[in-house]
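One structure below.
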Amino acid sequence: MKSRVLLLELLLCALLGSEMWSQETSHLKLAPTFRQRPEPVLTSTPNNAEWHFVVSGDSRNCGDLIMPAIAKGSSRDQAAFYWHLGDFRAIYEYDEDILARKSLDFSDYTDMAWDDFLQMQIAPFQAAHLPVYLGIGNHETIPPKTRGEYVTRFAEWLDSSALREQRLADDPNAHKPQTYYHWKQGGVDFIYLDNASADQFDKGQMKWFNKILKSDIFDSAIQAIVVGMHKALPDSLGNWHSMSESPQGIYSGRCVYKSLARAQARAHKHVYVLASHSHFYMEDIYDTEFWHKHAEAVLPGWIVGTAGAVRYRLPENSPLHSKTDVYGYLLATVNAGGKSGVIQFEFKDFPNKEDIPVDVRNGFSSELVNFCFERNKEMTPAGTLPEPPDGPCPE
């Protein structure tokens with residue numbers, strides 16, 4: 001009976017991509033060691049020295065005001081890089097921070113929106129010499145925008161030396177950048193998954209993910225795996241606005257979660273899952289009845305859609321430390337307390353408009369600044385989605 005179940009799981013895995021687990025993985029006991037990250041180069045430090053990175057997402061609406069403050073905070077916190085989890089500009093309607101400065105036709109707005117994002121939101125990081133990694137969100141696929149245009153416009157970031165070298169190391173024929181990627185840094189594999197539309201994760205991305213994760217499991221130099229994406233995986237506390245919005249999202253997202261949970265439970269990797277999409281801050285998002293019942297581990301997970309987008313209401317029964325009507329970023333400390341591969345996360349918020357750098361505030365009208373801090377809210381209560389029964393996944 002056990003062999004039949006294993007055969008079924010392998011066949012299902014083949015449909016999504018390539019199998020990730022074999023009979024050997026259930027007995028893995030890997031002894032992780034440290035490997036120096038390839039880019040950007042840190043000064044020489046002990047293997048368990050602490051270092052930091054910063055992450056947030058959803059910088060539409062008021063991001064031109066908020067993102068420079070995140071850049072300043074990232075520099076102050078000595079972050080090695082900033083990771084944006086998607087939704088740069090609204091696209092389906094004007095961003096308030098653009099409209100407050102310019103009167104333009106809507107077609108002109110969609111033409112210039114991404115340029116504005118780079119000039120107003122990313123340039124402050126560049127001025128501080130902070131590397132930036134960009135992730136695609138659902139608003140990057142709203143017409144007239146497409147994935148193809150996204151890859152072309154942000155090729156400088158998607159094909160940076162760190163991502164290009166890693167991509168070619170994985171596959172010497174992978175010359176073109178993708179919307180999903182990974183890079184290794186300081187004993188951590190950082191993986192970005194593209195779930196910006198309802199058809200994801202598709203077969204090609206699942207095959208790529210399975211290959212990368214399997215490599216991490218057998219790589220003793222990788223002590224932690226940090227997975228970033230725009231939408232949270234299914235069955236989280238933020239389920240109503242997540243991959244649970246589509247059947248493909250539910251199925252493929254559950255498979256990704258279970259694979260990551262096995263990497264933590266069996267291979268003893270430290271696994272962390274980061275998302276945005278919902279415009280609030282929430283931690284412990286996978287501490288749900290579903291994942292306690294259907295996975296080998298409850299993964300630490302966060303939602304941090306707090307980089308400027310219209311703020312959403314929190315779902316009922318949100319964890320104690322959840323926040324909305326705030327802007328801010330997640331500060332990560334790698335090797336926290338000298339423990340290799342352990343990452344601690346702390347939410348850093350900007351509760352008042354005075355927390356925005358003066359030169360940035362002075363670039364906007366007082367009306368726009370007041371709007372962003374007082375009225376940039378969506379008051380509709382968080383809803384719920386039906387939870388389909390669990391099914392088999394590739395192992």
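Just so it is clear, none of the values below were taken in a lab; they were calculated from the coordinates. What you see is a predicted model; the values in this text were computed from it and never measured. All Cβ positions, even for glycine, are placed from backbone atoms using ideal geometry, and neighbour counts span all protein chains on display.
List of remarks:
- Computed over the Cα atoms of region 236-275, pair by distinct pair, the Kirkwood hydrodynamic radius stands at 11.0 angstrom.
- Taking Cα centre as origin and charging only the Cβ of basic (Lys, Arg, +1) and acidic (Asp, Glu, -1) residues, the dipole magnitude of region 45-375 rounds to 960 debye.
- Volume per residue that the Cα convex hull of the chain spans, once the total is divided by residue count, Å³: 134 Å³
- Loop-resident GluC sites (Glu not before Pro) (DSSP state other than H, G, I, E or B) in region 307-357 with no more than 11 further Cβ atoms inside 10 Å of their Cβ: Glu316.
- For the chain, with +1 on Lys and Arg beta carbons and -1 on Asp and Glu, the positive-most of Trp240, Gly338, Pro386 along the dipole: Gly338
- Kirkwood hydrodynamic radius over Cα pairs of region 198-279, then Stokes diffusion coefficient at 10 °C and 1.306 mPa s, in µm²/s: 121 µm²/s
- Hydrodynamic analysis of region 264-350 uses the Kirkwood radius over alpha carbon pairs. Inserted into Stokes-Einstein at 20 °C and 1.002 mPa s, it gives a translational diffusion coefficient of 152 µm²/s.
- Between the amide H of Val132 and those of Tyr82, distances stay under 5 Å, these residues lying 5 or more places away or on another chain, with hydrogens modeled in the peptide plane.
- The chain: relative contact order in percent, alpha carbon pairs under 8 Å with at least 6 residues between: 23 percent
- Sorting 211-220, 361-370, 231-240, 133-142 by average packing, meaning the other beta carbons within 10 Å per residue, from highest down gives 231-240, 133-142, 211-220, 361-370.
- Inter-centroid distance (Cα atoms) of region 148-170 relative to region 58-107, Å: 22 Å
- For the chain, the 222 nm mean residue ellipticity estimated from helices alone, with every DSSP H stretch of n ≥ 4 adding -39500 (n - 2.57) and the total spread over all residues, rounds to -8500 deg cm²/dmol.
- Global form of region 63-164, assessed from the alpha-carbon gyration tensor, a/c cut-off 1.5: oblate
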